[in-house]
Amino acid sequence: MKRILILLTSICFSLNSFASEPLQKEDFSEEFKKLNQLEAIVNANPSITVDSVIKEQPQLMKDLGIDNKAKSNIGTDDDSMRPAGFPAFWWGFCLGVWGILIVYLITDNDKAAINKTVKGCITASAIYVGVVGLFYVVAIIAAAATSTY
């Protein structure tokens with residue numbers, strides 16, 4: 001019992017030594033000023049795109065550290081493949097037939113999303129059959145190796 005208490009006490013003291021250092025508070029006000037400039041430009045002209053900002057004011061994008069090649073996924077055609085915020089494939093992979101039904105009901109019979117959900121269900125089923133099959137093969141080999149003649 002004494003060993004356990006000594007061990008717990010030493011663990012607490014060592015964790016306390018790590019936690020006692022003050023956190024470094026960084027000043028992000030300069031970065032937010034640059035981001036606010038970009039926001040003001042976008043709010044002033046709603047039809048502006050990332051490409052036009054890069055052409056008009058490349059120093060602003062450079063100062064923010066935003067990759068010019070990065071594109072936003074918001075509002076693309078792929079949003080239909082994300083029922084309730086999750087990719088359609090994972091609905092089928094995690095929930096199987098129920099996932100297919102949920103995607104069918106949420107997306108109002110979107111064939112592309114249902115197709116991805118079915119592929120997820122088939123993938124999960126194949127993995128399950130493979131793992132169970134491997135388990136049975138190992139169990140049969142182990143049983144055969146230990147049986148007496």
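The values are calculated or read from the model by the stated rules, or taken from the named source; none is laboratory data. The shown structure was predicted, so the numbers you read here are calculated from the model rather than taken from an experiment. Here Cβ is always computed from backbone atoms with ideal geometry, including for glycine, and neighbour counts include all displayed protein chains.
Scanning the range 11-49 for residues being assigned to a helix (DSSP H, G or I) and at pLDDT below 65 gives a total of 4. Taken over the range 64-103, the residue count meeting the criterion of being at pLDDT 70 or above and polar (S, T, N, Q) is 0. Return the pair list, or none, for Cβ contacts closer than 8 Å from residues in the range 129-149 that are touching a residue at least 40 places away in the same chain (Cβ under 8 Å) to residues that are outside any helix (DSSP H, G or I), at least 6 apart or on different chains. No pair meets every condition. Taken over the range 113-129, the criterion of being surrounded by 14 or more Cβ atoms within 10 Å (Cβ to Cβ) and of a type in the set (A, V, I, L, M) is satisfied by Ala113, Ile114, Val118, Ala124.
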